[in-house]
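Please read the structure below before turning to the comments.
The values are calculated or read from the model by the stated rules, or taken from the named source; none is laboratory data. These figures come from a predicted structure and were not determined experimentally. Please note: Cβ atoms are built from the backbone with ideal geometry, for glycine as well, and neighbour counts cover all protein chains shown. For accessibility, only protein heavy atoms count, side chains too; no ligands or nucleic acids. Shrake-Rupley method; radii C 1.70, N 1.55, O 1.52, S 1.80 Å.
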Amino acid sequence: MTDKIIQRKNIHEVLRKRPVIISGPCSAETEEQVVDTATSLAELGLIDILRAGIWKPRTRPGSFEGIGTKGLPWLQRARDLTGLPFMVEVASARQVEDALHFETDALWIGARSTVNPISVQEIANALRGTEIPVFIKNPMNPDLELWTGALERVAQAGVKNIGLIHRGFSVFGNTEYRNAPMWHLAIEMRRRNPELMMINDPAHISGRRDLIPAVAQKAVDLDFDGLMIESHINPECAWTDKNQQVTPEGLRTILNGIVWRKEKSEEAAFNTALEQLRDQINNIDDELLLLLGKRMQIADQIGIYKKENNITILQTARWNEILQRETAKGEALGLSPDFVKTYLEAIHMESINHQNNVMTK
Ligand code: PEP
Ligand code: MN
């Protein structure tokens, strides 16, 4: 076949665009499926990078484990036809070598590999001396140190262009999501690594097509740098993750429905109004700290009395009474019971530590 070859876009340039949109099938299944999905996505002008899994680390054995190296020429053909750079998941040194051999544009390390420092180190060693950008998905479990460790291993191997992908964390039992987003962990990871690209993967968080738009919107609202969303020319017949893949048209609907936001505005009136509100928040934060300081002084006094009278620090009935009263009051003020409980627990712990210090003096 004599297809016209389209010059592929430079991956390093593509990765400077915001937002970066990555899409393509969960798994490469057949050449036709890869090429049809890619050309359809390209015709709609929706995406910057094509993705497909060719080695699939499946949680349980006995299901489709990926087409393997044979899928790489299919992705090359899709790239020739569309100009779209492509990325695949790697889980071993051998897979890195194969992916590099077929001039894969970018790689990602999956959640099931990020949990394993030995795998990550093996992958990192195989990446030494290459220029290829590497994305690191969060580990399956909510552990920022494991995610950070993977990042350090890849960075120490000399990889310059590293991105992070937030794909949620596995939890036991039925929840609304396939993987709990635990947004605060992605936010903290971002705070620690402000220079790194942070992509959100709403498909693996949701596990269901209908939940993808809301998760994607939230990621955009939190100023993520891009989205990775699985798409398939015929999701109903997909060999893996069929419930969370969308058609190229479906992807268009999702992306068109998103309200894109930017981190900053040039508009003076908006910035002034925002400054004023932030001033109010700063003042309230100062007042809260003052009050907390006073509260702890009282805890110190209580500690002295308790010591003199030989009374225990913790009195469960009193603690329950505080929890109940404040949760009810908090709800009337629009504060969630979860938040009130977390906040009271932190204060209570600090109070116990204060009393403990006084008593052991
Ligand atoms: C995938 O992207 O297809 C995949 C297997 O993802 P994760 O590692 O997030 O489960
Ligand atoms: Mn998948």
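Data for the structure
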| item | result |
| --- | --- |
| Protein accessible area in the chain, 1.4 Å probe - carbon and sulfur % | 53 percent |
| Rounded to whole Å, sorted largest first: equivalent-ellipsoid semi-axes of the chain, Cα gyration tensor | 48, 23, 20 |
| Those GluC sites (Glu not before Pro) in segment 260-312 that DSSP places in a loop and that have at most 14 other beta carbons within 10 Å | Glu263, Glu266, Glu267 |
| Segment 132-193: chymotrypsin sites (Phe, Trp or Tyr not before Pro) in DSSP coil with no more than 12 other Cβ atoms inside 10 Å | Phe172 |
| Net charge, Asn320 excluded, C-beta distance under 14 Å - Lys, Arg +1, Asp, Glu -1 | 0 |
| Straight-distance crosslink candidates among aspartates and glutamates, where the alpha carbon sits under 15 Å from Lys262 and sequence neighbours closer than 8 are dropped | Asp221, Asp223, Asp225 |
| Cα Rg over Rh - segment 134-216, Kirkwood | 0.99 |
| Neighbourhood charge, 13 Å Cβ-Cβ cut-off, centred on Gln33 and excluding it, Lys, Arg +1 and Asp, Glu -1 | -4 |
| HN-Hα J in Hz across segment 29-37 - Karplus 6.51, -1.76, 1.60, θ = phi - 60°, x for Gly and Pro | 10, 9, 4, 4, 4, 5, 5, 5, 4 |
| In degrees, nearest ten, helix 248-257 long axis to first principal axis of the chain (Cα) | 40 degrees |
| Between 0 and 90°, nearest 10: helix 212-221 axis offset from the chain longest Cα axis | 60 degrees |
| Mean residue ellipticity (222 nm) of the chain, computed from DSSP H runs ≥ 4 via -39,500 (n - 2.57), nearest 500 | -16000 deg cm²/dmol |
| Candidate aspartates and glutamates for bridging to Lys242, where Cα separation is under 16 Å - those fewer than 8 sequence places away on the same chain excluded | Glu29, Glu65, Asp201, Asp210, Glu230 |
| Lys pairs under 23 Å by Cα in segment 268-360, provided they are eight or more residues apart or on distinct chains | 5 |
| Qualifying lysines (Cα of each under 25 Å from Cα of Lys160; at least 8 residues distant if same chain) | Lys9, Lys17, Lys137 |
| Principal axes of segment 23-121: Cα extent on each, largest first, Å | 40, 26, 22 |
| Assigned charges on the beta-carbon of Lys, Arg, Asp, Glu; the chain dipole about Cα centre (debye) | 560 debye |
